[in-house]
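Structure first, then comments.
The values are calculated or read from the model by the stated rules, or taken from the named source; none is laboratory data. All values derive from a computational prediction rather than experimental measurement. Neighbour counts run over all protein chains shown; Cβ positions are idealised from the backbone, glycine included.
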Amino acid sequence: MRLETQPPVAADTPIGITLTINGQRRELQVAPWTTLLDLLRERLDLTGTKKGCDHGQCGACTVLVNGTRVNSCLTLAVMKDGAEITTVEGLASLGDRAGSNALHPIQEAFIEHDAFQCGYCTPGQLCSSVGLMNEGHAHTRDEIREAMSGNICRCGAYTNIVDAIEDVMQGGAR
Amino acid sequence: MTQTFSSTGRDTFVGTPRSRIDGPAKVTGLAKYAGEFAAPDLAYGYVVSSAIAKGRITAIDSAEAEAVPGVLKVLTHENRPRTAWRDKNFQDQVAPPGSPFRALYDDLIVFSGQPVALVVAADFETARYAASLVRVSYEAQEPGTDLRALRGTAYDPPYNREGIKPPPEPWGDADTAFGSAAIRVQGEYSLADEHHNPMEPHASTVVVEEDGTYTVYDKIQGVSNSHQYLTNVFGLKPDQVRVLNPYLGGGFGSGLRPQYQLFLAMLAAQELKRSVRVTLSRDQMWSFTYRSEALQTIALGAEPDGTLTALRHDAVQGTSQYEDYQEVVVNWSGVLYRCDNVALGYRLVKLDTPTPGDMRAPGAVTGVFAIETAMDELAYAAKLDPIALRLKNYAESDATAEGKPFGSKELRRCFELGSERFGWAKRNPEPRSTREGRELVGWGVATGIWESMMMQSSAIATLTPDGRLTVGNSTGDIGTGTYTILTQIAADTLGLPMDAVTAKLGDTRLPEAPVAGGSWTAASSGTAVMKACRNVGAQVFKLARAMENSPLANVDFDRAVFADGRIAVAGDPGRSVSLVEVLQAAGVDKVEAVEQAGPDQDFNKKYEAYTHSAIFAEVKVDEELGQVRVTRVVSAIAAGKVLNPKTARSQILGGVVMGIGSALEEESMLDHRIGRFMNHNLGEYHVPVNADIYDIDVIFVDEEDKANPLGVKGLGEIGIVGVAAAITNAVFHATGKRVRHLPITPDKLL
């Protein structure tokens with residue numbers, strides 16, 4: 001727990017970065033010790049992204065960084081200067097009907113297949129699902145299950161999550 | 001869309017699959033949880049946890065922490081503001097007997113990870129950093145956390161925990177009958193210590209309002225419990241504090257009691273006169289409440305035809321030094337099976353850990369695992385099919401309650417439908433008889449059981465002239481789908497579309513309802529909402545009859561039919577009036593009612609109420625790796641009326657998944673030398689992930705029950721009970737190895 005040495009640069013000295021978050025460009029002054037997750041949740045009031053473990057073990061904090069799924073708790077915000085970040089709040093705008101206030105197909109599929117209960121892991125599951133589809137590696141149920149195993153759902157909605165993803169991958173989302 | 005007030009009325013929404021009405025909020029990130037509410041000048045508290053499990057704090061040096069820019073306060077037992085101190089002030093609504101834990105109370109350490117200081121700073125990172133600079137010196141004593149080593153100190157709880165039935169007096173003579181039984185099975189069984197680990201860590205945000213009152217967002221399964229706790233501990237008047245929790249990121253029992261982060265957040269907010277949030281870290285989620293291991297012994301004696309002649313089930317379970325936590329572990333054996341000679345025992349051992357707590361189907365998960373594994377052993381010993389053995393000894397009445405009949409029990413049908421769906425008839429009972437590639441295949445079955453309960457609950461219903469109906473109470477939707485079922489019930493009762501109804505929960509300004517637990521919420525809050533809506537309907541009907549040229553003139557209320565937003569006359573549908581017209585004509589701004597609902601005492605005098613299940617599991621075991629995969633589960637559930645098959649199925653799926661975790665993965669490991677759970681993170685405490693879960697099939701068996709007007713019996717717990725036994729039984733069938741100590745990790749099969 002205890003830091004035995006002083007950090008070389010004061011951890012709370014802000015550094016200027018630019019992030020495009022959900023399509024909106026933001027100039028931010030961020031301390032080096034601030035994670036992308038804490039920046040989103042505590043400074044920008046984007047609390048859709050969840051903190052479940054802060055150790056990269058549960059996946060609740062998953063966001064898309066330049067389209068790739070990333071544990072935002074293991075990512076210092078200053079490392080992502082210039083990046084495009086998509087959180088659950090911005091997923092809808094990635095959908096086919098962007099701008100129409102419609103949900104992203106994966107969001108609709110999660111509702112349709114009841115792919116969540118308490119909802120706390122859901123933003124991470126959703127971003128991870130989109131990341132998985134962007135990667136294009138998973139084609140079968142087994143591959144989806146494997147590639148979604150970084151996102152824990154303690155309510156146990158796994159089979160419904162796989163149903164929802166399969167549905168969207170097959171273009172079947174309503 | 002037709003719904004009448006008569007009990008035989010048709011349901012439009014109730015009983016049909018409906019998507020969660022809180023779905024859009026949850027998939028867009030708009031649903032806010034306790035640690036996510038903002039407030040001006042919000043300060044952040046970070047907890048410093050004890051490094052020892054037992055002893056005293058000899059000194060706390062917080063100077064270095066206080067010197068960090070941005071740190072506002074370091075609270076310890078030495079400088080904390082005064083609060084109440086008596087046990088009864090700290091005893092929450094579901095506290096077991098004893099002396100509840102009080103954070104920062106004095107220098108005494110009673111469990112590892114006990115909060116010893118709270119560092120409050122202007123931002124989260126500063127608080128976390130400064131917390132690492134608080135130096136705590138201890139005088140440590142040797143902790144006692146080893147249940148096996150301390151078994152000899154077991155005691156009978158001096159006070160029974162409210163709502164928890166102690167074991168019944170023995171009947172017959174189990175020991176003698178066992179001694180002379182033709183077939184005998186006995187063994188020791190245990191389930192590891194488990195932690196709930198909801199995805200949302202416990203958090204409380206205390207907002208200091210301009211008028212000096214507090215708005216508190218607390219991770220709790222029922223806000224009235226936190227409200228009572230805060231008023232009792234901090235000497236606040238009920239209207240000085242409002243507690244909300246519209247969404248809960250998983251509870252499974254961990255949110256039944258107010259936890260220490262609530263106390264610390266309020267303490268800091270009062271001291272600093274500033275809004276404060278305290279969120280626990282994941283490792284701190286191992287510093288309160290857990291499902292404590294129980295050492296169980298079972299002895300079963302039977303006739304050659306499988307008729308049980310002796311049943312003995314004893315359990316010794318850990319509790320803390322300061323509370324006598326109790327759950328029902330052994331009684332289930334006496335409820336499930338008819339036997340003339342039964343002895344059930346339950347004792348506690350004090351350990352230097354936090355007080356254990358209710359975790360999804362508390363006691364039943366533990367006890368039913370043991371008895372249902374032992375029954376499988378008996379089936380093999382008697383060379384009987386395990387289902388046939390269970391049906392042979394099927395209880396038609398509750399022997400633990402003077403032989404009272406069950407209000408309903410469709411367990412037989414669960415076995416029928418479940419085995420048909422699973423293909424049980426094709427099973428070759430011989431262990432190690434089926435192989436698929438490098439894996440051995442096994443099929444196992446077990447019974448599940450949980451109590452069906454209803455609690456005193458109130459609810460409000462408000463109809464406004466725009467045709468909108470708002471219903472609610474203070475209980476929480478912990479992911480179970482309560483918002484949705486209450487909406488269905490309310491819409492049906494007043495014949496409105498679901499989208500005309502708003503359900504509100506988790507706010508102490510709403511009528512009081514108990515914590516969401518025990519699988520009682522649908523029965524309790526559902527009935528209260530239905531009654532409140534009926535009351536509103538009756539009031540609107542009166543207003544309708546009083547209208548000029550009322551189409552309902554001279555009509556008796558029992559002929560009123562509420563459908564399609566109108567009140568019509570039964571058998572004369574031409575005579576009707578819309579609810580909106582009635583309210584507008586009457587010139588009222590709303591019609592409102594608050595109603596109470598509680599258990600039916602007459603029913604409870606006559607009947608005992610349980611939900612049941614039959615669980616079928618298929619496992620595939622790689623003998624070289626010792627790895628078990630649960631490739632197929634069929635869970636057939638008898639739990640009364642199912643209000644929403646879609647969300648209900650999800651509850652059972654979730655129970656099965658947690659049951660798989662319990663059987664194969666979950667184990668909080670204590671290092672007894674230092675009295676600490678060592679694998680306190682989700683990397684080392686394994687819960688099922690997506691790749692661990694294959695096919696799960698849920699069957700709801702029709703069951704008519706009259707314990708409450710809705711006919712529901714509760715679904716939150718039954719899905720997990722018996723799952724671990726079905727898996728251990730399947731593993732035996734696959735491998736010939738009988739695992740009696742969970743979880744079935746590879747080392748136990750190699």
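For (1) aromatic (Phe, Trp, Tyr); (2) in contact with a strand residue (DSSP E or B) (Cβ under 9 Å, 6 or more places away or on another chain); (3) over 30 Å from B:Gln456 (Cα atoms), each residue gets a yes or a no:
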{"site": "B:Gly654", "(1), (2), (3)": "no, no, no"}
{"site": "B:Val657", "(1), (2), (3)": "no, yes, yes"}
{"site": "B:Leu670", "(1), (2), (3)": "no, yes, yes"}
{"site": "B:His686", "(1), (2), (3)": "no, no, yes"}
{"site": "B:Gly722", "(1), (2), (3)": "no, yes, no"}
{"site": "B:Phe732", "(1), (2), (3)": "yes, yes, yes"}
{"site": "B:Val739", "(1), (2), (3)": "no, no, yes"}
{"site": "B:Lys748", "(1), (2), (3)": "no, yes, yes"}
Give the residues of the range B:305-352 that are in contact with a Gly (Cβ under 6 Å, 6 or more places away or on another chain), among the aliphatic types (A, V, I, L, M) and more than 17 Å from B:Ala401 (Cα to Cα), sorted by residue number.
B:Ala310, B:Val349, B:Leu351
Among residues belonging to the range B:46-66 that are not hydroxyl-bearing (Ser, Thr, Tyr) and not in a strand (DSSP E or B), point out the one that is surrounded by the fewest Cβ atoms within 10 Å (Cβ to Cβ).
B:Ala63
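Taking B:Lys605 as the residue in question, decide whether it is at the interface with chain A (Cβ under 10 Å from one of its Cβ atoms) and of a type in the set (Lys, Arg).
No; evaluated as a whole, the condition is false for this residue.
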Does the range B:400-415 hold any residues that are in contact (Cβ under 8 Å) with a residue 60 or more places away in the chain and part of a helix (DSSP H, G or I), and which are they?
B:Thr400, B:Ala401, B:Leu411, B:Arg413, B:Cys414, B:Phe415
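Within the range B:425-447, identify whether any single residue is of a type in the set (Asp, Glu), more than 28 Å from the chain's Cα centre (by Cα) and part of a loop (DSSP other than H, G, I, E, B), and answer yes or no.
yes
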Scanning the range A:35-69 for residues that are farther than 18 Å from A:Arg25 by Cα and in a strand (DSSP E or B), the one farthest from the chain's Cα centre (by Cα) turns out to be A:Thr35
Across the range B:268-283, which residue is nearest to B:Val329 (Cα to Cα) among those that are touching a strand residue (DSSP E or B) at 6+ places or on another chain (Cβ under 6 Å) and polar (S, T, N, Q)?
B:Thr279
Filter result for B:Leu262 (within 14 Å of another protein chain (Cβ to nearest Cβ) and either in contact with a strand residue (DSSP E or B) (Cβ under 8 Å, 6 or more places away or on another chain) or aliphatic (A, V, I, L, M) (or both)):
no
Have a look at A:Val78, A:Val88 and point out the one that is within 9 Å of chain B (Cβ to nearest Cβ), more than 23 Å from B:Phe252 (Cβ to Cβ) and touching a Pro at 6+ places or on another chain (Cβ under 6 Å).
A:Val88
Does the range B:107-124 contain at least one residue that is touching an Asp or Glu at 6+ places or on another chain (Cβ under 7 Å), within 14 Å of another protein chain (Cβ to nearest Cβ), touching a residue at least 12 places away in the same chain (Cβ under 8 Å) and buried (at least 20 other Cβ atoms within 10 Å of the Cβ)?
yes
Quick one: in the range B:657-688, which of the residues that are under 19 Å from B:Ser190 (Cβ atoms), charged (D, E, K, R) and in a loop (DSSP other than H, G, I, E, B) is farthest from the other protein chains (Cβ to nearest Cβ)?
B:Glu667
Top-ranked residue of the range B:23-40 - restricted to ones that are part of a loop (DSSP other than H, G, I, E, B), touching a residue at least 40 places away in the same chain (Cβ under 8 Å) and at the interface with chain A (Cβ under 7 Å from one of its Cβ atoms), ranked as nearest to the chain's Cα centre (by Cα):
B:Tyr33
Could you say whether any residue in the range A:112-130 is at the interface with chain B (Cβ under 8 Å from one of its Cβ atoms), charged (D, E, K, R) and farther than 24 Å from B:Asn197 by Cβ?
yes
Out of B:Ala310, B:Ala382, B:Ala299, sole residue that is surrounded by 24 or more Cβ atoms within 10 Å (Cβ to Cβ) and among the hydrophobic types (A, V, I, L, M, F, W, C)
B:Ala310
Looking only at residues in the range B:689-721 that are of a type in the set (D, E, K, R) and not in a loop (DSSP other than H, G, I, E, B), which one is nearest to B:Ala53 (Cα to Cα)?
B:Asp692
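Test B:Ala544 against the criterion of being closer than 30 Å to B:Arg421 by Cα, touching a strand residue (DSSP E or B) at 6+ places or on another chain (Cβ under 8 Å), surrounded by 16 or more Cβ atoms within 10 Å (Cβ to Cβ) and touching a residue at least 24 places away in the same chain (Cβ under 8 Å), and give yes or no.
no
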Could you list, ordered by first residue, the pairs with Cβ atoms under 6 Å in which the first is in the range B:272-288 and farther than 17 Å from B:Val119 by Cα and surrounded by fewer than 24 Cβ atoms within 10 Å (Cβ to Cβ) and the second is at pLDDT 95 or above and among the hydrophobic types (A, V, I, L, M, F, W, C), at least 6 apart or interchain?
B:Arg282/A:Cys53
If you check every pair at least six apart or on different chains, which have Cβ atoms under 6 Å apart with a residue in the range B:645-656 that is at the interface with chain A (Cβ under 7 Å from one of its Cβ atoms) and over 11 Å from B:Ile718 (Cα atoms) first and a residue that is in a helix (DSSP H, G or I) and modelled with pLDDT of 95 or more second?
B:Thr647/B:Thr484
Here the residues within the range B:689-708 that are touching a Leu at 6+ places or on another chain (Cβ under 8 Å), within 14 Å of chain A (Cβ to nearest Cβ) and under 19 Å from B:Phe415 (Cα atoms) are B:Ile696, B:Val698
Can you name every residue in the range A:132-174 that is in contact (Cβ under 8 Å) with a residue 40 or more places away in the chain and within 12 Å of chain B (Cβ to nearest Cβ)?
A:Leu132, A:Gly150, A:Asn151, A:Ile152, A:Ala157, A:Asn160, A:Ile161, A:Asp163, A:Ala164, A:Ile165, A:Arg174
Taking the range B:34-43 on its own, how many of its residues are buried (at least 24 other Cβ atoms within 10 Å of the Cβ) and in contact with a Phe, Trp or Tyr (Cβ under 6 Å, 6 or more places away or on another chain)?
1
Can you confirm whether A:Thr62 is at pLDDT 95 or above, in contact with a helix residue (DSSP H, G or I) (Cβ under 8 Å, 6 or more places away or on another chain), surrounded by 22 or more Cβ atoms within 10 Å (Cβ to Cβ) and within 11 Å of another protein chain (Cβ to nearest Cβ)?
no
